[in-house]
1. Within region B:56-104, track down each residue that is under 19 Å from B:Ile138 (Cα atoms), in a helix (DSSP H, G or I), more than 10 Å from chain A (Cβ to nearest Cβ) and not aromatic (Phe, Trp, Tyr).
2. Within region A:628-653, can you find the residues that are away from ligand 4 (no atom under 16 Å from the Cβ), touching a Ser or Thr at 6+ places or on another chain (Cβ under 7 Å) and modelled with pLDDT of 95 or more?
3. Here are some residues: A:Gly472, A:Gly463. Which one is of a type in the set (Gly, Ala, Ser) and surrounded by fewer than 17 Cβ atoms within 10 Å (Cβ to Cβ)?
4. Confirm whether A:Leu577 is away from ligand 3 (no atom under 16 Å from the Cβ), over 25 Å from A:Leu189 (Cα atoms), of a type outside the set (Ser, Thr, Tyr) and away from chain B (no Cβ under 14 Å).
5. From A:Ala113, A:Ala151, A:Ala117, A:Ala122, grab the single residue that is part of a helix (DSSP H, G or I), within 31 Å of the chain's Cα centre (by Cα) and away from ligand 3 (no atom under 16 Å from the Cβ).
6. Looking only at residues in region B:8-48 that are of a type in the set (Phe, Trp, Tyr) and more than 13 Å from B:Ile66 (Cα to Cα), which one is nearest to the other protein chains (Cβ to nearest Cβ)?
Amino acid sequence: MTKIGVFVCWCGSNIAATVDVDAVSEAIKAAPGVVFATNYQYMCSEGGQAAIRSAVAEHGLTGVVVCSCSPRMHEATFRKAAAGAGVNPYMVEIANIREQCSWIHKDKAEATAKAIALARAAVAKLNLDRPLTAPETPVTKRALVIGGGIAGIQTALDVADAGYEVDVVEKSPTIGGKMAMLDKTFPTLDCAACILTPKMVDAAAHEKITLYTYSEVEKVSGFVGNFTVDIKKRARSVSVDRCTGCGVCSEKCPSKRAKSEFDQGLRERSAIYIPFAQAIPNVPVIDRDTCLKFQTGKCGLCEKVCPSHAVDYSQEDEVITKQYGAIVAATGFKPIGLERFDEYAYSRSPDVVTSLEFERLCNAAGPTKGHLVRPSDGKEPKTVVFVQCVGSREASGIGAMKGKPYCSKICCMYTAKHAMLLREKYPDSEAYVFYIDVRTPGKNFDEFYRRAAEEYGVHYIKGMVGKVCDEGNGRLTVRASDLIENRQLLIDADMVVLAAAVEPDPSARALATLLTASMDTNDFFTEAHPKLRPVESPTAGVFLSGMCQGPKDIPDTVAQAGAAAAKVIGLLSKDRLVGNPCVASCDETLCNGCSACERVCPYGAISYETKTVVDRGAKDERRVASVNEALCQGCGACTVTCPSGAMDLRGFTGRQIMAEVDAICR
Amino acid sequence: MPVESAFQPKIAAFCCNWCSYAGADLAGSSRLSYPADVKIIRVPCSCRVNPLFILRAFQRGADGVIICGCHPGDCHYTSGNYFARRRAALLFSMLDYLGVESGRTRVEWVSAAEGQKFAATMNDFAKTVASLGKCRRIGDLRCRTSES
Ligand SMILES: Cc1cc2nc3c(=O)[nH]c(=O)nc-3n(C[C@H](O)[C@H](O)[C@H](O)COP(=O)(O)OP(=O)(O)OC[C@H]3O[C@@H](n4cnc5c(N)ncnc54)[C@H](O)[C@@H]3O)c2cc1C
Ligand code: SF4
Ligand code: SF4
Ligand code: FES
């Protein structure tokens, strides 16, 4: 039985003026388990803590109740004091008789009675407390970043600069992400490649960073500080060590029917290819689906022409296993497919393009070498209609959703950019932008948009485009409504540019399952707290960087990438992690393996094991729940869901809370 | 003790550690009063409140039970308050059916910044429960103490 000492604090006059502290320490002596009770002017002071130490020594206390201010103030203080005196720190309970009593009641008798009741509840709970030890685990000082776009690159650089090893897993053959595809970037119109490629080079050259391109995460186990990850390195069919990136192979390759992913399908690429000139690593991969050697067995030309003998058709996928302390998701986004937006004639006319295709058409390294022309006939466009919010901000509730309910956040700005670029290249051209609203919050953003409208003479029209018709003679007719003038418009256009909504990378959902990180209904990763913990996922040790968490432009992505890095560095700088011992535990003799608890746990902390359970003397093979104490955060959701009463929460057990209920309802 | 003429209901208030308990602390440091018979039980999250605790409170003589948690979307554990809300809706309707009027049970979202709301909620709840009088419906007679 716990030998309890009760210490009633005066808090100067904060408590003592309204609560008769003598009466409280006197009355509580009668409570079961209490062997000592006293009151003191300031329990949190050195003197108060000394009083705890001497009482422990004198009365052999094994538990301490402090009647004082809120546990949110001083629970940690008193736990430490108790530990210093040789009492288990989790054998400490606080009765909050200041915030919940002396400060809100005036009548001394009433306040004293309540203080006694609160003290009794704390004693009742402490009687059922058991000593707990906070688990300590070592930290593997290496981080894994999944996704090598600007978000992943920035996070990796920041973590590596702090002195920790970082591995970057990128599924495509090169790092760089979407930013590598862009031409100029708002709001400054500096060229994307000029600011991105130095960072890509830095990441590749950094001694602490290892890049795994053309690779994917296959399996994740473990928990914060100690993840074990299987990474599948897909076969490139080219030796990274030997290849010098000369490009002869791609030139000579006879199979040139695949659409270039990097150029958004605007040109064909060879089966052995480097996505773009500044790719990192600058080593080709063989796309086995279009390679003649792999498809028909005949060819093998690249192997013959390669001066460094780097081509290797026999390469196989390789799985490596590594340990990490922290994992960062930086899987980015893609523009939505436009199959369901047939009214814009995207699938019928090559001159109806997405904004990302428009970026490639403007880009000096793009399929047209930066000569902005119509994909159909290579002519310079004179009239271009830009349509914003294609698939974004769709009102829900009217039938099946074609698009997304959210604002993609970047389209207003890049459309202004595109319209300006057009007017700059062809001063005699006309640019029309159709919008629902123009949203330009951000430093120098509204100024940028106004420049487009005022200085560049871009026609901004509030309204919707109803239909785009391909007239067959190289002309597109755009039917639209102008909501301000309240009239219908018919515009003869050479090109139509669709600002397609963004959506998370399609692989993100499967990755979230591997990481047991949660996602919102749109498949963006959710943050641990929407306001206060925006770069952490609810799963401890998993962090979020860039567009995978929600639509963002480059400045926001880089800021978030840095914030995620700071969190990772904070974690990796610890040698050991001290966990929370107040976690769930399963009584295996009661558990029936129903899986109810697993479904409610927000952290994926519960799994099932088949175990030999000794129940009332009989041995039995059973499937029972088991809680991973490093993952459990101690919310208690599972304890209430469990129909068998098998799950309980240490430090807040069912019996303890019942005892408190009993004490206060007395 | 002064002789109380007016009936003072016993109220158990389950408060989640991260928002509502902090809101109660703020009510305290702002010196916003509410009846002394409201007593708080700290739980890590509103989802830790087992329906059995609520039944137990009524058996033991509580006249009202309130669960306070973070606002929807703000739960420290992201989803706990949604579970709490669903469970409470079921239990409270069953309790109402058993004769524990719906005015005696409540779920309220109180953030750490809402000291004012905490005190106002407790005052209002205590008033409603007081107007319903003593709750005898599912009280366990074996639990009766001499004074009740
Ligand atoms: C048309 C257009 C124009 C834009 N113009 C501008 C502009 O002018 N200024 C501006 O500030 N912003 C602009 N943006 C926004 C900018 O592109 C994004 O903010 C930025 O690219 C987000 O970076 P990210 O790293 O989060 O995502 P991404 O660039 O999408 O990078 C994610 C990377 O992760 C990889 N990946 C995905 N899933 C996995 C997986 N499971 N395993 C391994 N790797 C994976 C992807 O292959 C990719 O390389 C524009 C966007 C578009 C569409
Ligand atoms: S207490 Fe919460 S976090 Fe822990 S296992 Fe149960 S549901 Fe999961
Ligand atoms: S809910 Fe209870 S009985 Fe079901 S698996 Fe979990 S612990 Fe076992
Ligand atoms: S932590 Fe407050 S309701 Fe879950």
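The values are calculated or read from the model by the stated rules, or taken from the named source; none is laboratory data. Just so it is clear, the model here is predicted, and its values are computed rather than measured. Note: ideal-geometry Cβ built from the backbone for every residue, glycine included; neighbour counts use all protein chains shown.
1. B:Ala88, B:Ala89, B:Leu90, B:Leu91, B:Ser93, B:Met94, B:Leu95, B:Asp96, B:Leu98, B:Ser102, B:Gly103, B:Arg104, listed by residue number.
2. Of everything in region A:628-653, those that are away from ligand 4 (no atom under 16 Å from the Cβ), touching a Ser or Thr at 6+ places or on another chain (Cβ under 7 Å) and modelled with pLDDT of 95 or more turn out to be A:Met647, A:Asp648, A:Arg650.
3. Unique residue meeting the criteria: A:Gly472.
4. Yes; evaluated as a whole, the condition is true for this residue.
5. Numbers: A:Ala113 fails: within 31 Å of the chain's Cα centre (by Cα); A:Ala117 fails: within 31 Å of the chain's Cα centre (by Cα); A:Ala122 fails: within 31 Å of the chain's Cα centre (by Cα).
Criteria check complete, one pass: A:Ala151.
6. As a first pass, look at region B:8-48 and keep what is of a type in the set (Phe, Trp, Tyr): B:14, B:18, B:21, B:34.
Keeping just the survivors that are more than 13 Å from B:Ile66 (Cα to Cα) gives B:18, B:34.
Details: B:Trp18: 9, B:Tyr34: 6 Å.
Taking the candidates together, the pick is B:Tyr34.
Each row is one residue, and each column tells you yes or no for (1) more than 29 Å from B:Ile11 (Cβ to Cβ); (2) more than 47 Å from the chain's Cα centre (by Cα).
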{"residue": "A:Met1", "(1), (2)": "yes, no"}
{"residue": "A:Ala37", "(1), (2)": "no, yes"}
{"residue": "A:Ala55", "(1), (2)": "yes, yes"}
{"residue": "A:Gly63", "(1), (2)": "no, no"}
{"residue": "A:Ser68", "(1), (2)": "no, no"}
{"residue": "A:Pro89", "(1), (2)": "yes, no"}
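Yes/no matrix, rows are residues, columns are (1) hydrophobic (A, V, I, L, M, F, W, C); (2) part of a strand (DSSP E or B); (3) not assigned by TED's automatic domain parsing to the domain that holds A:Thr557:
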{"position": "A:Asp167", "(1), (2), (3)": "no, yes, no"}
{"position": "A:Ser172", "(1), (2), (3)": "no, no, no"}
{"position": "A:Ile175", "(1), (2), (3)": "yes, no, no"}
{"position": "A:Ala193", "(1), (2), (3)": "yes, no, no"}
{"position": "A:Pro198", "(1), (2), (3)": "no, no, no"}
{"position": "A:Glu207", "(1), (2), (3)": "no, no, no"}
{"position": "A:Val217", "(1), (2), (3)": "yes, yes, no"}
{"position": "A:Thr228", "(1), (2), (3)": "no, yes, no"}
